[in-house]
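The values are calculated or read from the model by the stated rules, or taken from the named source; none is laboratory data. In this text the structure is predicted, and so the values were computed from the model without any measurement. No Cβ is skipped: glycine too gets one built from the backbone with ideal geometry, and neighbour counts run over all protein chains shown. Note: areas computed on protein heavy atoms with side chains; ligands, DNA, RNA excluded. Shrake-Rupley method; radii C 1.70, N 1.55, O 1.52, S 1.80 Å.
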Amino acid sequence: MRKLASIRRINLIEPIEGADAIEVATVDGWKVVVKKGEFKVNDLAVYFEIDSWVPTELAPFLSKGKEPREFNGVKGERLRTIKLRGQISQGLILPYSVCGKICVEGEDVSELLGVQKYEPPIPSQLAGQVKSLFPSFIPKTDQERIQNIPDLVFGKYRDEEFEVSLKLDGSSCTVYYNNGEVGVCSRNLELKMSEENKDNAYIKTAIKSGLIDALKRMGRNLAFQGELMGPSIQGNREDLPVANLYIFDIYDIDKGAYLLPEERHTMLFDIRKWNESDEQFSMVPVYRIAFKPSEFDSVDAILRYADGPSLNHPMREGLVFKHVKSDFSFKAISNKFLLSEK
């Protein structure tokens, strides 16, 4: 579960060249611009991750004197990646005292402070009739950002091998088969497989791609998870002519575990051999198959590695790293991409 707001320790304070009133604080792998002198190394503070929706009463200055925006009935602002005096700043650090109670290092205080994850409005072609919340027997798709786990990446997994794939900027889609039942889900909801939903992009692509037929043919309790890409989806940055589903994970529901990269590759290859659909689903593009974190010496170096071209766009969202022998994974989102977001 992503900790949008949590108690963290400040690891480092550094000056910003040419800046008299601000400096940069490091929390784990995150760098955040703060007021000069407000925090010291080893201070406990509340760190708010990017994409957090921060209520106005916690940080009214985020609205910069304008009327606060509103999300899910809460007035506040969304935290984005920004650049101040040439320094990238990701997130927000507030004094520990905003909690109003005793909290321990690492504690998730998102609910305590009323912090939500910002989600953009769902386009009409993705909205559909809802069957239920996302199924409890399938984990939602979300890798941890490298900035939150630098000690793990450069410690335990430093010399381990990872598959590296492109992080595509679309909409998360899960298609599953479980004990004879098939289902199609967006990031947070399961959609009805009904005539009224036939034009919904998730449902339509799952059927036309042949993925639902493939799952029925295999008869295994599996969930295929991927990125739905195409016209009117996240601005269609890749300029795709039709919707396509790029599979990045396959979850074995019975075992309660993800297939390892080699198993996933084999299964998708076998399915594509006998899938008769003209509009087949694809595997997310693999960038490297034997990457080791020890090739780089810092979080910043891996973040720079995440910069580069995507499928058709000159700027990709980032990279996803999956351990070849376990279900450990993490992602590195390109700062160039984050700074380009509107």
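Quick one: length gained pulling Val286 to His323 fully straight, 0.36 nm per residue minus the C-alpha distance?
12.0 nm
Mind checking the full-extension length gain between Lys101 and Ser232? Use 0.36 nm per residue of separation minus the Cα-Cα distance, one decimal, nm.
Contour length minus Cα-Cα distance gives 42.6 nm.
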Residue-span extension gain [Lys216 to Lys131] - 0.36 nm each, minus C-alpha spacing: 28.6 nm
Largest to smallest principal axis extent of the C-alpha atoms in segment 95-240, angstrom: 53, 40, 37
Computed label-point distance, nm, for sites Phe61 and Lys140 using a 7 Å Cα→Cβ extension: 3.1 nm
Partner lysines for Lys216 [C-alpha distance under 25 Å; skip if fewer than 8 residues away on the same chain]: Lys131, Lys140, Lys192, Lys198, Lys204, Lys208, Lys255, Lys273
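With a 10 Å radius around each residue's Cβ, average the other Cβ atoms per peptide and rank 98-104, 9-15, highest first.
Values: 98-104: 11.1, 9-15: 14.0.
In decreasing order of mean packing, 98-104, 9-15 become 9-15, 98-104.
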Under 5 Å, built H, 5+ apart or other chain: amide partners of Asp43: Ile10
Mean projection area, nm², convex hull over Cα of segment 1-128: 9.5 nm²
For the chain, share of DSSP beta bridges that run antiparallel, in % to the nearest 5: 95 percent
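Specify whether the C-alpha gyration tensor of segment 93-137 places it in the rounded, prolate or oblate class, a ≥ b ≥ c being the square roots of the eigenvalues: rounded for a/c under 1.5, otherwise prolate if a/b is larger than b/c and oblate if not. Intermediate values should be presented prior to the final figure.
Numbers: a/c = 4.34, a/b = 2.33, b/c = 1.87.
It is prolate, given that a/c is not under 1.5 and a/b is the larger ratio.
Against the 2.2 N^0.38 Å scaling, with N counting residues, where does the chain land? I'd like the Cα-based Rg ratio to two decimal places. Before the final figure, lay out each step's value.
Values: Rg = 21.3 Å, N = 342, 2.2 N^0.38 = 20.2 Å.
For the chain, the normalised Cα radius of gyration is 1.05.
Roughly how many Å² is the accessible area per residue of segment 211-342, as a whole number, for a 1.4 Å probe?
I get 48 Å² per residue for this part.
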Rh by Kirkwood over Cα pairs, then Stokes-Einstein D for segment 210-342 at 0.692 mPa s and 37 °C, µm²/s: 198 µm²/s
Solvent-accessible area, 1.4 Å probe, carbon plus sulfur percent, for the chain: 50 percent
Projected-area mean, segment 179-222, by convex hull of Cα positions, square nanometres: 3.3 nm²
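How would you rank 310-317, 129-136, 247-254, 60-67, highest first, on the average number of other Cβ atoms within 10 Å across their residues? Before the final figure, lay out the partial values.
Details: 310-317: 16.5, 129-136: 13.5, 247-254: 18.6, 60-67: 10.6.
Listed from highest to lowest mean packing, they are 247-254, 310-317, 129-136, 60-67.
Hey, what's segment 65-153 come to in accessible area per residue, 1.4 Å probe, Å²?
On the way: 5250 Å² over 89 residues.
For segment 65-153, the per-residue accessible area is 59 Å².
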